[in-house]
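The values are calculated or read from the model by the stated rules, or taken from the named source; none is laboratory data. All values reported here derive from a predicted model rather than from experimental measurement. All Cβ positions, even for glycine, are placed from backbone atoms using ideal geometry, and neighbour counts span all protein chains on display.
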Amino acid sequence: MSINAFEITTGSQLHGVQTEWFDLCKRCSATPFMGPQWLINWWDTFGNDNLRAIAFKFNGGELIALGLFFIYNSDHGRTLSFVGSGISDYSDVLIDKRFVGAVLPRIFDYFQSIQSLWDIVDLQQLRASSLLFSETRNNHKFQSLISIIDVCPVIRLPLQKDELIRLITSKKLRRNIRYGTARLRQMGQLQMEVADVDSVGAYLEDLFALHASRWKIKQEDGILTSRKVKEFHRRVAGEMVRTQQLRLYRFRLSGRVCACFYILIQGHSSYGYIGGFDPSLSKFSLGSICLYKIMQDLVGRDIYLFDFLRGAEGYKYGWGASKSYNYRLLLSHGGN
């Protein structure tokens, strides 16, 4: 068995492995934040000139593992982190499960081979199941520190749409959905639409506008305020709609756009990345009603999990969500 490693240091090289990378994600426990559509566009938008990635092929052919990192200057000095940092709710290396034992130690060997380039390795938004933790315990080349960095509340969706309302643990939320739906019905019909490759651009602009109007009332900047963040989503949304990894929902009340939600999909799991709705309709629990309709739609598409992603906001637990923690792995020079 021959496993060959090669380094990736340019954006063009990233683009060159896109098809194989997409196939690798299907053989790993990947999230949408780890695939080529998300990360290549992240690099094209936010990247610098210090890409440091390691890829592995089996017998010179099949791509079996990929670790995407870059170096930037932080308060800790020269910092090696995941490509996708900042706007990605999950990050990790990708390794075909058939080759974990052979490949995983070599990722730490790679860190060591470029250790003159970095002062600290800062790997954030790792799930508890990350393979990097097991290798950290076995590998003594570096000093290491693991800590909780975020919480991502998740709910298990029912098998049938009509079971969803009973899984909501908050009586207040159930009441708000019922009463709010009845009150909105008096104002007109609430219609749900889903973007296709031709309409995704228009839906995205509606999301930007609704998100901005909501945060303007709070006199704060939302995560979609940045020009570069908007540029990133304009790049990635069409590609992920095409690969069926994004369902961009839009709601109209009596024909007027009133809400949009950006829901990522991977396998049988869904991820509620961001949403926006008309703040003048918040008294009708519009956000909760739209999210309920979205979850019903996802149940009908054999989606079994809804991940609210980062943040422990109280409203998430009203849906019956349980806590799932994200971790941070710090590596520094000076191991045994």
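A single member of Leu145, Leu164, Leu159, Leu126 is more than 30 Å from Leu330 (Cα to Cα), outside any helix (DSSP H, G or I), out of contact with any Cys (no Cβ under 9 Å at 6 or more places or on another chain) and touching a residue at least 40 places away in the same chain (Cβ under 8 Å), and it is Leu159. Considering only segment 87-95, I want to know if a residue exists there that is more than 29 Å from Tyr262 (Cβ to Cβ) and in the same structural domain as Asn48 (by TED's automatic domain parsing). Taking every residue of segment 87-95 in turn, none turns out to be more than 29 Å from Tyr262 (Cβ to Cβ) and in the same structural domain as Asn48 (by TED's automatic domain parsing).
Would you mention how many residues in segment 94-104 are assigned to a helix (DSSP H, G or I) and either in contact with a strand residue (DSSP E or B) (Cβ under 6 Å, 6 or more places away or on another chain) or surrounded by fewer than 14 Cβ atoms within 10 Å (Cβ to Cβ) (or both)?
Narrowing segment 94-104 to residues assigned to a helix (DSSP H, G or I): 97-104.
Within this subset, residues satisfying the condition of being either in contact with a strand residue (DSSP E or B) (Cβ under 6 Å, 6 or more places away or on another chain) or surrounded by fewer than 14 Cβ atoms within 10 Å (Cβ to Cβ) (or both) are 97-99, 101-103.
The number of residues fulfilling the criteria is 6.
Give Tyr90, Tyr110 a once-over and let me know the one that is of a type outside the set (S, T, N, Q), within 16 Å of the chain's Cα centre (by Cα) and not in a strand (DSSP E or B). Testing whether each residue is of a type outside the set (S, T, N, Q), within 16 Å of the chain's Cα centre (by Cα) and not in a strand (DSSP E or B) leaves just Tyr90. Is at least one residue of segment 172-190 without any contact (Cβ under 8 Å) to a residue 40 or more places away in the chain, surrounded by 11 or more Cβ atoms within 10 Å (Cβ to Cβ) and of a type in the set (A, V, I, L, M, F, W, C)? No, because not a single residue in segment 172-190 is without any contact (Cβ under 8 Å) to a residue 40 or more places away in the chain, surrounded by 11 or more Cβ atoms within 10 Å (Cβ to Cβ) and of a type in the set (A, V, I, L, M, F, W, C). For the residues Arg78, Arg98, Arg52, the requirement of being of a type in the set (D, E, K, R) and at pLDDT below 95 singles out Arg98.
Among the residues making up segment 1-50, those that are of a type in the set (Gly, Ala, Ser), within 20 Å of Ile64 (Cα to Cα) and not in a helix (DSSP H, G or I) are Ser2, Ala5, Ser29, Ala30, Gly35.
Residues that are at pLDDT below 95, among the hydroxyl-bearing types (Ser, Thr, Tyr), surrounded by 13 or more Cβ atoms within 10 Å (Cβ to Cβ) and under 16 Å from Val103 (Cβ atoms) do occur in segment 25-32. Just to be sure, is Tyr90 under 27 Å from Leu309 (Cα atoms) and free of Cβ contacts under 8 Å to residues at least 40 places away in the same chain? No: the conditions fail for Tyr90.
With respect to Ser213, is the statement that it is within 19 Å of Gly188 (Cα to Cα), in a helix (DSSP H, G or I), outside the structural domain of Lys26 (by TED's automatic domain parsing) and of a type outside the set (Phe, Trp, Tyr) true?
Values: within 19 Å of Gly188 (Cα to Cα): no; in a helix (DSSP H, G or I): yes; outside the structural domain of Lys26 (by TED's automatic domain parsing): yes; of a type outside the set (Phe, Trp, Tyr): yes.
The answer is no for Ser213.
Residues in segment 304-336 that are part of a loop (DSSP other than H, G, I, E, B) and crowded, with 20+ Cβ neighbours inside 10 Å: Phe308, Leu309, Trp319, Ala321.
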